[in-house]
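Colleague: One structure, as structure tokens, below. Some questions next.
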Amino acid sequence: MKLNDLLNHTSEWLKGTGPNSDIVISSRIRLARNLEKSPFPHWANKNKSEQTEKLIEDAIRGIDYLKNTSVFKLAEMDPIDKQFLVERHLMSLEHAQKSDHKAVAIDDDEIVAIMINEEDHIRMQVMQSGFNIYEAWDIIDKIDDCLAKELSLAFLSDWGYLTACPTNTGTGMRGSVMLHLPALVMTRQIDRVLAAIAKLSFATRGLYGEGTQATGNFFQISNQVSLGHSEEEVIGNINGVIRQIIEQENQAREALLSRNKALLEDRISRSLGILKSAYIITSQETIELLSMVRLGSDLGLIKDLNRRTINELFIITQPAHLQKMEGKKLSQQERDVKRAEIVRKKLNI
């Protein structure tokens with residue numbers, strides 16, 4: 001697989017399928033692993049980093065479960081290519097910032113992504129569309145077992161897996177769920193909900209994870225603590241919290257429909273109208289307007305516009321995607337014009 005092949009492929013997290021996919025965009029399990037007796041990436045010298053990269057790449061290529069996986073070296077990628085992978089949720093912002101002796105392995109379906117020499121030697125993730133946290137865990141658990149047979153991993157019986165950040169020590173696992181919560185935002189209940197889950201040691205981030213703010217009514221919710229808990233306990237806690245949020249969002253949507261339907265329909269229709277007619281539009285405005293259009297589609301207030309089409313617009317209108325499609329670097333204004341053109345074509349079919 002070549003990097004450009006991804007342009008014609010729908011990311012797993014945007015397929016709009018799976019349980020509760022009207023509210024849950026995606027479910028992700030991430031595992032942090034390090035090699036035994038090897039310095040963490042931030043402390044490793046050039047030779048050690050190079051050795052680590054090769055060891056992990058060879059291990060990945062030797063696993064049948066990952067036979068449809070391609071490895072991309074960051075040193076061979078330009079900034080737009082790296083941002084492209086960040087936008088597709090296949091690589092972290094931190095991983096993209098420095099390229100030496102770093103790589104990312106991606107399977108053809110964009111379900112599995114393995115970052116090499118990020119904060120930890122191995123940061124692997126599995127993503128599923130909709131509320132599929134248990135299925136994501138089942139897949140990544142198998143991959144983890146395969147890697148453990150190929151590599152000597154840093155593990156202590158008293159502490160579990162050793163990681164660069166102490167908060168990941170133990171299972172080394174982070175589970176996260178991307179939620180679309182426009183009704184809780186519109187009814188001004190979102191702050192109360194997020195404050196409640198913070199007390200339960202859950203973190204809330206934006207569309208692109210750590211260091212990003214919530215935008216377009218998207219919230220990524222993940223566990224903060226793994227030490228002292230089994231993987232099953234962590235997943236069970238995530239499952240329980242997310243189910244409560246889904247219920248509260250559903251109740252908020254029902255309340256909007258019963259008490260403020262005309263206002264809701266007006267806001268959704270105005271959002272769709274702007275998207276269908278705009279000739280210049282920013283990324284931020286696009287996300288916010290698409291959020292309302294997605295809500296309208298999920299509530300049946302917008303006909304003949306499926307969730308998958310709306311979801312795809314969230315990603316193909318991002319800066320790196322626009323430039324990859326054009327095959328050249330674009331200024332901000334050129335991107336705003338191109339973005340509006342793509343949205344108009346998709347929505348006016």
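Colleague: Going through region 106-158 one residue at a time, which ones are farther than 19 Å from residue 229 by Cβ and either in a helix (DSSP H, G or I) or among the aromatic types (Phe, Trp, Tyr) (or both)?
Modeller: 131, 135, 139, 142, 143, 145, 146, 147, 148, 149, 150
Colleague: OK, next. Is there a residue being farther than 29 Å from residue 31 by Cβ and either of a type in the set (Asp, Glu) or free of Cβ contacts under 8 Å to residues at least 24 places away in the same chain (or both) anywhere in region 206-219?
Modeller: No, region 206-219 contains no residue that is farther than 29 Å from residue 31 by Cβ and either of a type in the set (Asp, Glu) or free of Cβ contacts under 8 Å to residues at least 24 places away in the same chain (or both).
Colleague: Could you tell me whether region 9-28 includes any residue that is among the charged types (D, E, K, R), in a loop (DSSP other than H, G, I, E, B), crowded, with 17+ Cβ neighbours inside 10 Å and over 16 Å from the mean Cα position of the chain (by Cα)?
Modeller: Yes, region 9-28 contains a residue that is among the charged types (D, E, K, R), in a loop (DSSP other than H, G, I, E, B), crowded, with 17+ Cβ neighbours inside 10 Å and over 16 Å from the mean Cα position of the chain (by Cα).
Colleague: Residue under question is residue 278, and the condition is that it be among the hydrophobic types (A, V, I, L, M, F, W, C), in contact (Cβ under 8 Å) with a residue 24 or more places away in the chain and out of contact with any Ser or Thr (no Cβ under 6 Å at 6 or more places or on another chain); does it hold?
Modeller: yes
Colleague: Against the condition surrounded by fewer than 22 Cβ atoms within 10 Å (Cβ to Cβ), among the hydrophobic types (A, V, I, L, M, F, W, C) and touching a Lys or Arg at 6+ places or on another chain (Cβ under 6 Å), how does residue 93 come out, does it pass?
Modeller: no
Colleague: I would also like to ask the following. Of the numbered conditions (1) without any contact (Cβ under 8 Å) to a residue 40 or more places away in the chain; (2) in contact with a Leu (Cβ under 6 Å, 6 or more places away or on another chain); (3) surrounded by 21 or more Cβ atoms within 10 Å (Cβ to Cβ), residue 99 fails exactly one; give the number of that condition.
Modeller: (3)
Colleague: Can you pull out every residue in region 296-333 that is of a type outside the set (S, T, N, Q) and out of contact with any helix residue (DSSP H, G or I) (no Cβ under 8 Å at 6 or more places or on another chain)?
Modeller: Passing the criteria: 300, 303, 304, 327, 328.
Colleague: Let me ask you something else. So, in region 303-342, exactly how many residues are assigned to a helix (DSSP H, G or I) and either in the same structural domain as residue 8 (by TED's automatic domain parsing) or among the hydroxyl-bearing types (Ser, Thr, Tyr) (or both)?
Modeller: 1
Colleague: Further, regarding this structure: What number of residues in region 281-312 are touching a residue at least 40 places away in the same chain (Cβ under 8 Å) and farther than 28 Å from residue 331 by Cα?
Modeller: The qualifying residues number 8.
Colleague: Here are the criteria: (1) over 26 Å from the mean Cα position of the chain (by Cα); (2) surrounded by 13 or more Cβ atoms within 10 Å (Cβ to Cβ); (3) not in a helix (DSSP H, G or I). Tell me which single one residue 70 does not satisfy.
Modeller: (1) is the only condition that residue 70 fails.
Colleague: In the list 170, 206, 160, which residue meets the criterion of being in the same structural domain as residue 112 (by TED's automatic domain parsing), more than 22 Å from residue 34 (Cα to Cα) and modelled with pLDDT under 90?
Modeller: The unique qualifying residue is 206.
Colleague: Let me ask something additional. Considering only residues that are hydrophobic (A, V, I, L, M, F, W, C) and under 23 Å from the mean Cα position of the chain (by Cα), which ones fall in region 29-51?
Modeller: 29, 31, 32
Colleague: Residue 128 - would you say it is surrounded by fewer than 23 Cβ atoms within 10 Å (Cβ to Cβ) and not acidic (Asp, Glu)? Can you show your working first?
Modeller: Working: surrounded by fewer than 23 Cβ atoms within 10 Å (Cβ to Cβ): no; not acidic (Asp, Glu): yes.
So residue 128 fails the test.
Colleague: Here's a follow-up. Does at least one position in region 234-244 carry a residue that is within 30 Å of residue 141 (Cα to Cα) and assigned to a loop (DSSP other than H, G, I, E, B)?
Modeller: Taking region 234-244 and keeping what is within 30 Å of residue 141 (Cα to Cα), we get 234-244.
From what's left, assigned to a loop (DSSP other than H, G, I, E, B): none.
Checking region 234-244: not a single residue is within 30 Å of residue 141 (Cα to Cα) and assigned to a loop (DSSP other than H, G, I, E, B).
The values are calculated or read from the model by the stated rules, or taken from the named source; none is laboratory data. In this text, all values refer to a predicted model and were calculated from it rather than measured experimentally. Here Cβ is always computed from backbone atoms with ideal geometry, including for glycine, and neighbour counts include all displayed protein chains.
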